[in-house]
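Colleague: This is the structure, below, for whatever I ask next.
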Amino acid sequence: MKNKITKLIKSSFVRNVLIMLTGTAGAQVVAMALSPIITRLYGPEAFGVMGTFNSMISILIPIVALTYPIAIVLPKSAQDAKGLVRLSLIITVFFSFLSLLVLFFFQNQIVNIFNLDEIAPYLYLIPLVVIFSGLLQVSEQWLIRVKQFSISARVTFFQSIILNGSKVGIGLIYPVAAVLVVITAIGNGLKAMMLITLSKKNNQDTNKSINEKKKTLKELATEYYDFPLYRAPESFLSAITQGLPVLMLTAFFGPASAGFYSIGRTVLSIPVRFIGKSVGDVFYPRIAEAANNKENVTELIKKATLALSGVGIIPFGVVMLFGPFIFSLIFGSEWEIAGEYARWIALWSFTNFINRPSVRSLAVLNSQRFHLVYTVVMFIIRTVMLAIGFYLFSSDLVAVALFSISGAILNAVLILATLSISKKKFKLND
C-alpha cells in the first residue's frame, strides 16, 4: 500500500493535476472570499444583467474558432500544431468582424426577438469578447500541449485577484451592472495576455522534428474536419443549453430570478472549475498518449470518473441538503431563494463534475459525431423540461428542478456510453 501511494504521488499525472489545482484553488479562494462582499455591493438585479450577458457570450465563446484550438494537443508534429494555432486565430478574427457586422445591421431585431433590453447597451462588447476568447483558447491548448501547467496555474490565480478585486474596488464607488459586465467582457483577454507573455519565456515542445513536413492551413483544416463539423455544433448546442435557464428566467420572471439562478450556478461551478477542469486539462494529453500507445483507455476513464465521484460527493451533497441555509448565511437573507435553486443545480453539477474524463476522451476516441447527436437529444429534452416548468407549473423553481434532474440523468448516460465506445474501439484494435 505504501509503495502504491508513493508511486501515485510521484506520477507525472498526479503532479500536474496538483499544479493545476494549486492555481485554481488559490483563484477560487479569492473568489469565494470576495463573493459575499460583491453580492452585497451589487444585488440580484445587477447579477441578473451580468448573468444574461454571460449567457449570450457563453453561447458564442465555444465556437469562435470552430473548436480547432482543441485539436492543437493532438498532432505529433509541432509544425502541425503551430499551423492549427494560425488557423484558429484567422477564424477568430473573421468571426469577430462578422459579429460586428451583424450587430451593426441587426442589433434592434436581436434585442426584440430575444428580449435583451437589459443588456442592449453592452452588445457591442461581443466582438471584443470573441477576439479575447479565441486568443485564450489557443494559448490554453498550446500550454496543455507542451505541458506547461504551472503557467496556467499562476495565471488563473492572478486573474482571479485582478478581476474580483476590481469588482470590489469599483463597486465601492460605482456598484452598477455595467461594472460586472465590462469586467466579465475583458476577463478572457486579460488571462490570454498573461498566458501569451509567460509562454514566450517557456516556449518548448517535446514533439519537434528537424525535417518535418509543413502542411498548409487547408490541409490541416481538412485533416481535422471533425472539429468544425461535429465538435463546434455540439459546443454551440451545449452552450445554448447551459444558457437557457438564465435567458428564459429573464424573459418570464425578470432579472432578479435570473440573478438567483446565476449566483447558484456560479457557486456550484466552483468545484467543476477547481478540480474538474484541472483534471480534464491534464487528462486530455494523457488519454491521447494512452490511445497512441494502445493502453487500457477504458480503465483510465473509469478510474478518473470514480476518483472525481469520491471527491465531489461531499461539497455537492452538502448543498443539496443545506442550500437555502448556506446561501442566506453567506450572501445575505435576500439570497435564500438562490439556495433553493442550488439544491437542484447541485445534482446536475455533480454529474457534470464527474463526466470530465468522458467528455475529454470523445475527441481521442473519434466519437465527436456521437457527442453531437447526444447533445442534440440533450438540448431537446432539457428545453422541454424548462417549458413544462414554465407553462404547466408557472414556477421558476420547478423549471430549474426539471432542467437539473434531466441534466443529471443525461450526464450519467454520457459516461456509460463513453465507456462502452472505448471498450468496443480497443477490442477492435486488438
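Colleague: Tell me, yes or no, whether the range 112-120 has at least one residue that is modelled with pLDDT under 85 and under 22 Å from Gln368 (Cα atoms).
Modeller: No, that holds for no residue.
Colleague: Taking the stated definitions as given, is Phe426 at pLDDT below 90 and either of a type in the set (Val, Ile, Thr) or part of a helix (DSSP H, G or I) (or both)?
Modeller: On the way: at pLDDT below 90: yes; either of a type in the set (Val, Ile, Thr) or part of a helix (DSSP H, G or I) (or both): yes.
Judged against the criteria, Phe426 is a match.
Colleague: (1) surrounded by 18 or more Cβ atoms within 10 Å (Cβ to Cβ); (2) more than 25 Å from Leu249 (Cα to Cα): which one isn't true of Val318, the others all being true?
Modeller: (1) is the only condition that Val318 fails.
Colleague: Considering only residues of the range 363-395 that are aliphatic (A, V, I, L, M) and touching a Lys or Arg at 6+ places or on another chain (Cβ under 9 Å), which is farthest from Gly310 (Cα to Cα)?
Modeller: As a first pass, look at the range 363-395 and keep what is aliphatic (A, V, I, L, M): 363-365, 372-373, 376-378, 380-381, 384-388, 392.
Applying the additional criterion that residues be touching a Lys or Arg at 6+ places or on another chain (Cβ under 9 Å) yields 363, 365, 372.
Values: Ala363: 25, Leu365: 25, Leu372: 29 Å.
Within the range 363-395, the match that is farthest from Gly310 (Cα to Cα) is Leu372.
Colleague: Hey, which of the helices (runs of 4 or more DSSP H) in the range 149-227, taking only ones fully inside, have at least 3 residues that are at pLDDT below 90 and either under 23 Å from the mean Cα position of the chain (by Cα) or exposed (fewer than 14 other Cβ atoms within 10 Å of the Cβ) (or both)?
Modeller: Numbers: elements: 149-171, 177-201, 217-223.
Correct list: 149-171, 177-201.
Colleague: Just to verify a result, which residue in the range 358-391, among those that are assigned to a loop (DSSP other than H, G, I, E, B) and polar (S, T, N, Q), is surrounded by the fewest Cβ atoms within 10 Å (Cβ to Cβ)? Please lay out each step first, then the result.
Modeller: The first filter runs over the range 358-391 and keeps only residues assigned to a loop (DSSP other than H, G, I, E, B), leaving 365-367.
Now narrow it down to the ones that are polar (S, T, N, Q): 366-367.
Working: Asn366: 13, Ser367: 20.
Looking at the filtered set, the residue picked out is Asn366.
Colleague: With Ala417, Ala412, Ala338, Ala387 as the choices, which residue is small (Gly, Ala, Ser), out of contact with any Leu (no Cβ under 8 Å at 6 or more places or on another chain), at pLDDT 90 or above and more than 21 Å from Ala232 (Cβ to Cβ)? Spell out how you get there, then give the answer.
Modeller: Details: Ala417 fails: more than 21 Å from Ala232 (Cβ to Cβ); Ala338 fails: at pLDDT 90 or above; Ala387 fails: at pLDDT 90 or above.
Only one candidate qualifies: Ala412.
Colleague: Under the condition of being crowded, with 20+ Cβ neighbours inside 10 Å and among the aromatic types (Phe, Trp, Tyr), which residue from the range 325-344 is farthest from Gly48 (Cα to Cα)?
Modeller: Trp344
Colleague: Count, please, the residues in the range 90-142 that happen to be surrounded by 14 or more Cβ atoms within 10 Å (Cβ to Cβ), within 21 Å of Val181 (Cα to Cα) and polar (S, T, N, Q).
Modeller: Residues that pass the stated criteria total 5.
Colleague: Would you be able to say whether some residue in the range 172-190 is out of contact with any helix residue (DSSP H, G or I) (no Cβ under 8 Å at 6 or more places or on another chain) and either touching a residue at least 12 places away in the same chain (Cβ under 8 Å) or among the aromatic types (Phe, Trp, Tyr) (or both)?
Modeller: Here is the first cut: in the range 172-190, the ones out of contact with any helix residue (DSSP H, G or I) (no Cβ under 8 Å at 6 or more places or on another chain) are 173-174.
Retained after the next criterion (residues that are either touching a residue at least 12 places away in the same chain (Cβ under 8 Å) or among the aromatic types (Phe, Trp, Tyr) (or both)): 174.
Yes, there is a match, as at least one residue in the range 172-190 is out of contact with any helix residue (DSSP H, G or I) (no Cβ under 8 Å at 6 or more places or on another chain) and either touching a residue at least 12 places away in the same chain (Cβ under 8 Å) or among the aromatic types (Phe, Trp, Tyr) (or both).
Colleague: Can you tell me which residue among Leu84, Leu143, Leu135 is closer than 28 Å to Leu247 by Cβ and touching a residue at least 24 places away in the same chain (Cβ under 8 Å)? Outline the logic, then answer.
Modeller: On the way: Leu84 fails: closer than 28 Å to Leu247 by Cβ; Leu143 fails: closer than 28 Å to Leu247 by Cβ.
Criteria check complete, one pass: Leu135.
The values are calculated or read from the model by the stated rules, or taken from the named source; none is laboratory data. Predicted model, so just to flag it, every value in this text is computed and none were measured. As a convention, Cβ positions derive from the backbone with ideal geometry for all residues, glycine included, and neighbour counts pool all protein chains shown.
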